[in-house]
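Just below is one structure, and these are the notes that go with it.
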Amino acid sequence: MHSNSTIDEELGTREGHHVSHVQESLVKHSIWGTSIRFTLVTSVLLGLVYPLLMTGLAKVLFPHQANGSLITLKDGTVIGSELIAQSFTTDRYFHPRPSNAGSGYDATASGGTNLAQSNAKLPPRMQADIDKLAAENPGRPVPIDMVTYSASGLDPDITPDNAYFQAPRIAKARGLTEGAVRSLIDAHIQGRTLGLLGEPRVNVLDLNLALDDAAK
């Protein structure tokens, strides 16, 4: 026979275990519910609201850049972007840096050669390019960016020295004075971003369009 006190103790213990189990279940349900709600809220805020807000602000504040920095002709035809190099091979135009993106200047296959300075293939390749350019413009040092690939293979800019090096070839092909071509280069040199970042540069596509406009 159990005494009344023993029965009360057993009932109290069972009730305590039951209450503890209920509290534990509530905590688990609370954690899962909070996790799911947090995931849904952050997905909507960071996956939809924030990108749409930033895109909208960019289109209002910087419409040209937000739409890809596209370059258009007077009739509205899009001929390229300020951000992506194009291939120019004739003597009448400035040439961009060499490209290893796909078959050359392929925006869908951006990439460099990944040849380290210690790679045996790099010196002879660069020397061949230097010899070819030196023959084109004897007595002038070949700018380094004329014989080196950018990491993306799509660098739209060249250094002012690169542009000046090409000026005699373009002047001869177009029947212009070298001074006239150099003046055009001077007018298209962009300084460092915010006066601090990067180096002075010339956008090849912009400069080539200016060449065509000058010939009209």
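General remarks:
- Chain lengthening between residue 61 and residue 197 when straightened (0.36 nm per residue, less Cα-Cα): 46.8 nm
- Extension gain, residue 116-residue 70: 0.36 nm per intervening residue step, less the Cα-Cα distance, totals 13.2 nm.
- Axial C-alpha extent at least 27 Å, average Kyte-Doolittle at least -1.0 - helices from the chain (DSSP): 4-44
- Least to most buried among 81, 30 (fewest other Cβ within 10 Å first): 30, 81
- Taking other C-beta atoms within 10 Å as the exposure proxy, 146, 126, 54 rank 54, 126, 146 from fewest upward.
- With Cα atoms defining each centre, the stretch 45-64 and the stretch 162-176 are spaced 43 Å apart in the structure.
- Rounded to the nearest 20, the Cβ-based charge dipole of the stretch 117-166 about its Cα centre (Lys and Arg +1, Asp and Glu -1) stands at 220 debye.
All of the numbers you see were taken from the coordinates with simple rules; none came from a lab. Fair warning: this is a prediction, and the values are worked out from it, not measured in the lab. We place every Cβ from the backbone using ideal geometry, glycine too, and count neighbours over all the protein chains shown.
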